[in-house]
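Undergrad: For reference, the structure I am asking about is given below.
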Amino acid sequence: MGLKMKRNRYVAVRLNEQLGIKRKYTFINRAWLPKILFLWIIFMAFVGRVIYNRMDAENKERRNEVLVSMCDQRARMLQDQFSVSVNHVHALAVLVSTFHYYKNPSAIDQETFAEYTARTAFERPLLSGVAYAERVVNSKREEFERQHGWTIRTMEKEPSPLRDEYAPVIFSQETVSYIESLDMMSGEEDRENILRARATGKAVLTNPFKLLGSHHLGVVLTFPVYKSKLPPNPSEEERIAVTAGYLGGAFDVESLVEKLLGQLAGNQAIVVNVYDITNSSDPLIMYGRQYQDGDFSLSHESALDFGDPFRKHQMICRYLQKAPTSWTAITTASLFFVIGLLVGYMIYGAAIHIVKVEDDFHQMQQLKVRAEAADVAKSQFLATVSHEIRTPMNGVLGMLALLLDTDLSSTQRDFAQTAQDCGKALINLINEVLDRAKIEAGKLELEAVPFNLRSILDEVLSLFSEKSRSKGLELAVYVSDKVPDIVMGDPGRFRQVITNLVGNSVKFTERGHIFVQVHLAEHAKAVLDSKSETCSNVGSEVLVPSGGSQYKTLSGCEVADDRNGWDTFKHLITNEEFKYNTSTKSTATDETSQDVTLMVFVEDTGIGIPLRAQERVFMPFMQADSSTSRNYGGTGIGLSISKCLVELMGGRISFVSRPQVGSTFSFTAAFRTCDKNAVVDPEKSVSDELPVAYKGLKATVVDEKPVRAAVTKYHLQRLGIMVEVVGSIKAAFIVSGQNGSTNSKCKWLPDMILVEKDSWLTGEDDGLDIRKFDWKQNGQMFDLPKMFLLATNLSSTNLEKAKAAGFSDTVIMKPLRASMVAACLQQFFGMGKTSQQENMRKGSAFLRSLLCGKKMLVVDDNMVNRRVAAGALKKFGADVKCAASGKAALSLLELPHDFDACFMDIQMPEMDGFEATRRIRVMESKENEQQGEGECVIEGTTKKMQWHLPILAMTADVIHATYDECLRCGMDGYVSKPFDEENLYQAVAKFFESEPVN
Amino acid sequence: MDVGQLQRRFVEYTSSLFHEGVLDAQFTQLQQLQDESNPEFVFEVVSLFFDDSERILNDLTRALDQKIVDFKNVDSHVHQLKGSSSSIGAQRVKNACIAFRNYCEEQNTEACLRCLQQVKQEYSLAKNKLDSLFRLEQQIVAAGGAVPMVGC
């Protein structure tokens, strides 16, 4: 108990440890996840911004380039047009000098000039008009005025004051005719222009100013006209000296540029300003408004060269509209951002998912640990419970064993025997429950021990006999003669399967029979196959029985598997007998150890399995339907376990079932045959010796149902009784009577007649008085055949009747078992004791013969225990020494010693049984080695060369694990405490069987 | 009192012991071990049990009186007692020991003291009953009768 508590606590601690293991995450730190996501978004936003900037910059660049090219284009065109005009003015100057001064008289007058200029005005689109002013020195003014008939006037159209020099306009284009006679020198601008022009000899320009007669800004172009040809590289003075006059033209810059821009594409998009920047600190505007709308962020300046080196001009271009927002850049950047965002979110989502999966995984792990712990707890619970059940059960069994030792009537004995068998079966079942876990874990290993198949089946039968009897079912078992008596295999598992199948059958059958058959597989298969070929013919006959609802089965009820009718069964039996007779010798010779596959049928006439449930019959916890467990109980795990077990035994399980008709389960299992002579194992399950006292007796079985008769015959034959089967009592009498009276040589004189209840009760035989027959027989000097009645259950009236008919006390209740039949016969014939008692006696005697004179050592720290164990062993004649501790035992067992066996307590202070055993084994192996080296025979000892003291553990703990531990540390077996005769017998028998009994 | 009456009383008394659970099957086993060669076997073993148990109970009382209780020591004592009581079939003493050991496992001093009382009680009960059983047996033997075998 304490041990278990400790183990439970250990499990709990381990569970906690496992749960306490720190969670390990693969690579994701969950706390950082949102932060990482946030950083990622920021980063993506930043990258998006960079992309946008770059694209925007590119756009601006392109825009700038466009602007530059447009501006330069405009500037060049303006310049070109301007220079074309200047050139033309130059040409005019040359014209004037040629035709006005070189010709005498002048070839040009106002009219000619006006006409010429008007007609060549297309050549000078930029000039609003041209005029020629002559240089007049003050001394020549009067002459000049007189010649032309007008006075020189100033710009203000007043007569000019006195000056050194004048430059009155003499020729003018019609467009500017209003300036005729005006002194150009009177205007400040013009004067400077004139002075500069005649000094340089080139075209010069004025500052931009508002032109007379229009509000446009304009510049005046002045060209000097020389009287004579100039010398090469003329000086300024020389130029002034030969100057004759000045040709001037007004450039209407505003309309000029307007016109020019109008010719060009894209003039709407840009704003063009033209400046005079001769005075760089104060640029004078020539075109365009100073303050106007436009995109001030971007502008381009193009230099203009109008041919006047003194003046500098400049064109500034600007976009009219602000740069349009770059949708491409915005779209691209935002798209990138969105994609980045999505990618980030996806990764985030994946990470979250991973975290979740990890969490789930951890949870699962915890659950798994918990489930495993629960499993362990379950196993421990099972172990505990089974232990707790076992303890009282041992009491029950012990008491039953004691009861069987007392003087009982055969019925009482049978009851007690049945109770004991059932108790033992219960203990086995508990073990099987424990093993169920093993099956599920796939850890089950099958034993391979010799066992008696028939007695196993008898035990199963006895387990269910009470139940079947109360239900009125025929329960019968038949084992083919070909099946060897003893096979190697796992009796427990075999029994478990059979028990399960029969248990199910009993559970689900309300009328009819349950029939267990065992045949050799190949044999059964051969017969069944040959039978199934003709099944179509036979089947129709069977299905439509002529005489009422009687089928040729055990109880007359219909069964699911038609092939199992009498026809097949007959074949099986007859074939068997034939084969058995011929092949016994041959099999006996090569019967060393060969495989034998058995086929087992469990046939019932129960409710059957519904068709829809048939496919999941072997699935665990599945029952035909939910009402099944309500009506019949059970867990539904039995068949699945049976299936596992059968498969472990190298066989297959299958079934045929028809609802409301019944089911027939059949399975095969592979065993090994085993030489009977070699088996000297006195274990009970193997040598379930049936009494041999009935050998040679003859019996007549009266039964109209051949299958049932065959079963009865089988059981009787096992007792060595020769059997004749007849259909009715009358026939029985006729057979025996005839034989008896006429032919004494081959007479059939039955020692007993076994009458089936049904046969007896049928009308034909009912009137027949058996005693009458007895009398008759008596008169003929024969031994009276004993009459037995075979019945499943008998009503009290029938019992009375049976007694009246002479069956008093000779009713054999079914199901039949060889041992039970023997007991009944014994009671009637008064031969010998019951087998069980014999066995017990034999056991005690055997034990005595085994232990008598043997020297035993009992090691136990508990004085009382020691005394009891010693007492028990002494009872069987052993010479017992006691030791109170492991150490004392070791000193007693110093080699050489003369002990034959040692019983060792496990739980002892200081040195426990395991440790003590280990040391003893070490001691022994040392000694053995030395002996092996020395190769000498110790004198005066009959002991074997090899030291190996049988050590048996004594323990109150009968858990399997303890047993395993015992074996691990070198013990040879164990005896459960407190001592029990049978237990002791079993444990001890193993070690002394081979030694000669003194 | 004649032998028959004594024997009947003996049988009744013994079955009452079994019935009350003072004794169990092991005692029967013990009785079976007694035969001509060893006529005093049961008495001998039971006396041993009494001596042993009294020693153990004293030890236990002392061990549990300590300020710091050595539960391992207590447990081993109780184990001893359990072993010997189960050997002679003193079922109720054994059961009390099992409960005792559980509390030892839990290191529950109070419960252990309670259990000790319980064990002592059961022990004295068993001792009284067995003593009177032996007295009865002696009377039967003195009267020249055979001691009948009684199972539970």
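The values are calculated or read from the model by the stated rules, or taken from the named source; none is laboratory data. As the structure is a computational prediction, the values presented were derived from the model and not from experiment. All Cβ positions, even for glycine, are placed from backbone atoms using ideal geometry, and neighbour counts span all protein chains on display. When the accessible area is computed, the model is the full protein with side chains, heavy atoms only, and any ligands, DNA or RNA have been set aside. Shrake-Rupley method; radii C 1.70, N 1.55, O 1.52, S 1.80 Å.
Undergrad: Of the residues A:148, A:100, which is more than 22 Å from residue A:240 (Cα to Cα) and not small (Gly, Ala, Ser)?
TA: Answer to the check: A:148.
Undergrad: I've got another one for you. Could you tell me whether the stretch A:484-492 includes any residue that is among the charged types (D, E, K, R), out of contact with any Lys or Arg (no Cβ under 9 Å at 6 or more places or on another chain) and modelled with pLDDT of 85 or more?
TA: Residues of the stretch A:484-492 that are among the charged types (D, E, K, R), as a first pass: A:485, A:490.
Then keep just the ones that are out of contact with any Lys or Arg (no Cβ under 9 Å at 6 or more places or on another chain); that gives A:490.
Okay, now just the ones that are also modelled with pLDDT of 85 or more, so A:490.
Yes: the stretch A:484-492 contains one or more residues that are among the charged types (D, E, K, R), out of contact with any Lys or Arg (no Cβ under 9 Å at 6 or more places or on another chain) and modelled with pLDDT of 85 or more.
Undergrad: Pull up the stretch A:586-610, narrow it to residues that are at pLDDT 80 or above and of a type in the set (A, V, I, L, M), then point me to the one that is farthest from residue A:511 (Cα to Cα). Can you show your working first?
TA: Within the stretch A:586-610, the first condition is being at pLDDT 80 or above, and the residues that meet it are A:595-610.
Pick out the ones that are also of a type in the set (A, V, I, L, M) and you get A:596, A:598-600, A:602, A:607, A:609.
Values: A:596: 34, A:598: 28, A:599: 25, A:600: 22, A:602: 15, A:607: 10, A:609: 16 Å.
Going through the qualifying residues, I end up with A:596.
Undergrad: Can you find even one residue in the stretch A:853-871 that is surrounded by 18 or more Cβ atoms within 10 Å (Cβ to Cβ), assigned to a helix (DSSP H, G or I) and away from chain B (no Cβ under 14 Å)? Steps first, please.
TA: The first filter runs over the stretch A:853-871 and keeps only residues surrounded by 18 or more Cβ atoms within 10 Å (Cβ to Cβ), leaving A:854, A:856-871.
Now drop any that are not assigned to a helix (DSSP H, G or I), which leaves A:863-871.
If we keep only those that are away from chain B (no Cβ under 14 Å) as well, we get none.
Taking every residue of the stretch A:853-871 in turn, none turns out to be surrounded by 18 or more Cβ atoms within 10 Å (Cβ to Cβ), assigned to a helix (DSSP H, G or I) and away from chain B (no Cβ under 14 Å).
Undergrad: Same structure, new question: Being surrounded by 12 or more Cβ atoms within 10 Å (Cβ to Cβ) and modelled with pLDDT of 75 or more is the filter here, so list the residues in the stretch A:275-288 that pass it.
TA: Here is the first cut: in the stretch A:275-288, the ones surrounded by 12 or more Cβ atoms within 10 Å (Cβ to Cβ) are A:275-278, A:283-288.
The answer is A:275, A:276, A:277, A:278, A:283, A:284, A:285, A:286, A:287.
Undergrad: Would you be able to say whether some residue in the stretch A:289-300 is more than 20 Å from residue A:80 (Cα to Cα), exposed (fewer than 15 other Cβ atoms within 10 Å of the Cβ) and touching a residue at least 24 places away in the same chain (Cβ under 8 Å)?
TA: Step one: list which residues in the stretch A:289-300 are more than 20 Å from residue A:80 (Cα to Cα), which gives A:289-299.
Still in the list and also exposed (fewer than 15 other Cβ atoms within 10 Å of the Cβ): A:289-293, A:296-297.
Those left that are additionally touching a residue at least 24 places away in the same chain (Cβ under 8 Å): A:293, A:297.
Yes, the stretch A:289-300 has at least one match.
Undergrad: Of the conditions (1) in a strand (DSSP E or B); (2) at pLDDT below 80, residue A:445 clears all except one; give me its number.
TA: Only one criterion is unmet by residue A:445, namely (1).
Undergrad: Filter the stretch A:457-480 down to residues that are of a type outside the set (Lys, Arg), touching a helix residue (DSSP H, G or I) at 6+ places or on another chain (Cβ under 8 Å), more than 17 Å from residue A:711 (Cβ to Cβ) and surrounded by fewer than 22 Cβ atoms within 10 Å (Cβ to Cβ), then give me how many there are.
TA: The number of residues fulfilling the criteria is 1.
Undergrad: I'm told residue A:622 meets every condition in (1) modelled with pLDDT under 80; (2) loosely packed, with under 13 Cβ neighbours inside 10 Å except one. Can you identify the failing condition by its number?
TA: The number of the failed condition is (2).
Undergrad: Further question: Report yes if some residue within the stretch A:378-387 is touching a residue at least 60 places away in the same chain (Cβ under 8 Å), among the small types (Gly, Ala, Ser) and open to solvent by 40 Å² or more (accessible area, probe 1.4 Å); otherwise report no.
TA: No, there is no match, as no residue in the stretch A:378-387 is touching a residue at least 60 places away in the same chain (Cβ under 8 Å), among the small types (Gly, Ala, Ser) and open to solvent by 40 Å² or more (accessible area, probe 1.4 Å).
Undergrad: How many residues, within the stretch A:119-160, are aliphatic (A, V, I, L, M), at pLDDT 80 or above and not in a helix (DSSP H, G or I)?
TA: Here the count works out to 6.
Undergrad: On the basis of being touching a residue at least 12 places away in the same chain (Cβ under 8 Å), under 30 Å from residue A:401 (Cα atoms), hydrophobic (A, V, I, L, M, F, W, C) and surrounded by 19 or more Cβ atoms within 10 Å (Cβ to Cβ), does residue B:119 make the cut?
TA: So residue B:119 does not fit the description; no.
Undergrad: Report yes if residue B:54 is away from every other protein chain (no Cβ under 14 Å), among the charged types (D, E, K, R) and within 21 Å of the chain's Cα centre (by Cα), otherwise no.
TA: No: the conditions fail for residue B:54.
Per-residue answers, yes or no, for (1) away from every other protein chain (no Cβ under 13 Å); (2) in contact with a helix residue (DSSP H, G or I) (Cβ under 6 Å, 6 or more places away or on another chain); (3) over 20 Å from residue B:22 (Cβ atoms):
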residue: B:105; (1), (2), (3): no, yes, yes
residue: B:108; (1), (2), (3): no, no, yes
residue: B:118; (1), (2), (3): yes, yes, no
residue: B:122; (1), (2), (3): yes, yes, no
residue: B:135; (1), (2), (3): yes, no, no
residue: B:138; (1), (2), (3): yes, no, no
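Residue-wise test of (1) in a helix (DSSP H, G or I); (2) of a type in the set (Gly, Ala, Ser); (3) within 14 Å of residue A:601 (Cα to Cα); (4) at pLDDT below 85.
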residue: A:497; (1), (2), (3), (4): yes, no, yes, no
residue: A:502; (1), (2), (3), (4): yes, no, yes, no
residue: A:505; (1), (2), (3), (4): yes, yes, yes, no
residue: A:511; (1), (2), (3), (4): no, no, no, yes
residue: A:517; (1), (2), (3), (4): no, no, yes, no
residue: A:523; (1), (2), (3), (4): yes, no, yes, yes
residue: A:531; (1), (2), (3), (4): yes, no, no, yes
residue: A:536; (1), (2), (3), (4): yes, yes, no, yes
residue: A:541; (1), (2), (3), (4): yes, no, no, yes
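Undergrad: Could I ask something else about it? Look through the stretch B:1-44, keep the residues that are touching a Gly at 6+ places or on another chain (Cβ under 6 Å), of a type outside the set (Ser, Thr, Tyr) and at the interface with chain A (Cβ under 9 Å from one of its Cβ atoms), and return whichever of them is farthest from residue A:401 (Cα to Cα).
TA: B:41
Undergrad: Taking the criterion of being open to solvent by 40 Å² or more (accessible area, probe 1.4 Å), under 16 Å from residue A:71 (Cα atoms), among the polar types (S, T, N, Q) and assigned to a strand (DSSP E or B), would at least one residue in the stretch A:310-327 satisfy it?
TA: No, the stretch A:310-327 contains no residue that is open to solvent by 40 Å² or more (accessible area, probe 1.4 Å), under 16 Å from residue A:71 (Cα atoms), among the polar types (S, T, N, Q) and assigned to a strand (DSSP E or B).
Undergrad: Exactly one condition in (1) more than 20 Å from residue B:146 (Cβ to Cβ); (2) at pLDDT below 85; (3) open to solvent by less than 40 Å² (accessible area, probe 1.4 Å); (4) not hydrophobic (A, V, I, L, M, F, W, C) is false for residue B:4; which is it?
TA: In the conditions (1) more than 20 Å from residue B:146 (Cβ to Cβ); (2) at pLDDT below 85; (3) open to solvent by less than 40 Å² (accessible area, probe 1.4 Å); (4) not hydrophobic (A, V, I, L, M, F, W, C), residue B:4 misses (1) alone.
Undergrad: Only one residue in B:127, B:94, B:82 is within 14 Å of chain A (Cβ to nearest Cβ), surrounded by fewer than 21 Cβ atoms within 10 Å (Cβ to Cβ), within 18 Å of residue A:868 (Cβ to Cβ) and touching a helix residue (DSSP H, G or I) at 6+ places or on another chain (Cβ under 7 Å). Which one?
TA: B:127
Undergrad: Separate question: Considering only residues of the stretch B:7-57 that are among the β-branched types (Val, Ile, Thr) and under 19 Å from residue A:866 (Cα atoms), which is surrounded by the fewest Cβ atoms within 10 Å (Cβ to Cβ)?
TA: That would be B:28.
Undergrad: OK, next. Within the set of pairs 6 or more residues apart or between chains, which connect a residue that is surrounded by fewer than 19 Cβ atoms within 10 Å (Cβ to Cβ) inside the stretch A:725-738 to a residue that is aliphatic (A, V, I, L, M) and modelled with pLDDT under 70 with Cβ atoms less than 9 Å apart?
TA: These pairs meet every condition: A:730/A:768.
Undergrad: Confirm whether residue A:613 is at pLDDT below 80, outside any strand (DSSP E or B) and surrounded by 21 or more Cβ atoms within 10 Å (Cβ to Cβ). Let's see the steps before the verdict.
TA: Working: at pLDDT below 80: yes; outside any strand (DSSP E or B): yes; surrounded by 21 or more Cβ atoms within 10 Å (Cβ to Cβ): no.
No.
Undergrad: Considering only the stretch A:179-277, give the helices (runs of 4 or more DSSP H) lying wholly within it that have at least 3 residues that are within 30 Å of residue A:323 (Cα to Cα).
TA: A:253-263
Undergrad: Here's a check for you: in the stretch A:872-895, which residue that is in contact with an Asp or Glu (Cβ under 7 Å, 6 or more places away or on another chain) and either under 18 Å from residue A:974 (Cβ atoms) or not hydroxyl-bearing (Ser, Thr, Tyr) (or both) is most open to solvent (accessible area, probe 1.4 Å)?
TA: A:887
Undergrad: Taking the options A:904, A:908, name whichever one is closer than 16 Å to residue A:952 by Cβ and within 11 Å of chain B (Cβ to nearest Cβ).
TA: Criteria check complete, one pass: A:908.
Undergrad: Does the stretch B:64-78 contain any residue that is at the interface with chain A (Cβ under 10 Å from one of its Cβ atoms) and closer than 15 Å to residue B:127 by Cβ?
TA: no
Undergrad: Out of A:808, A:849, which single residue is within 23 Å of residue A:753 (Cα to Cα) and either at pLDDT 75 or above or more than 14 Å from every other protein chain (Cβ to nearest Cβ) (or both)? Please lay out each step first, then the result.
TA: Working: A:849 fails: within 23 Å of residue A:753 (Cα to Cα).
Going through A:808, A:849 in turn, just one is within 23 Å of residue A:753 (Cα to Cα) and either at pLDDT 75 or above or more than 14 Å from every other protein chain (Cβ to nearest Cβ) (or both): A:808.
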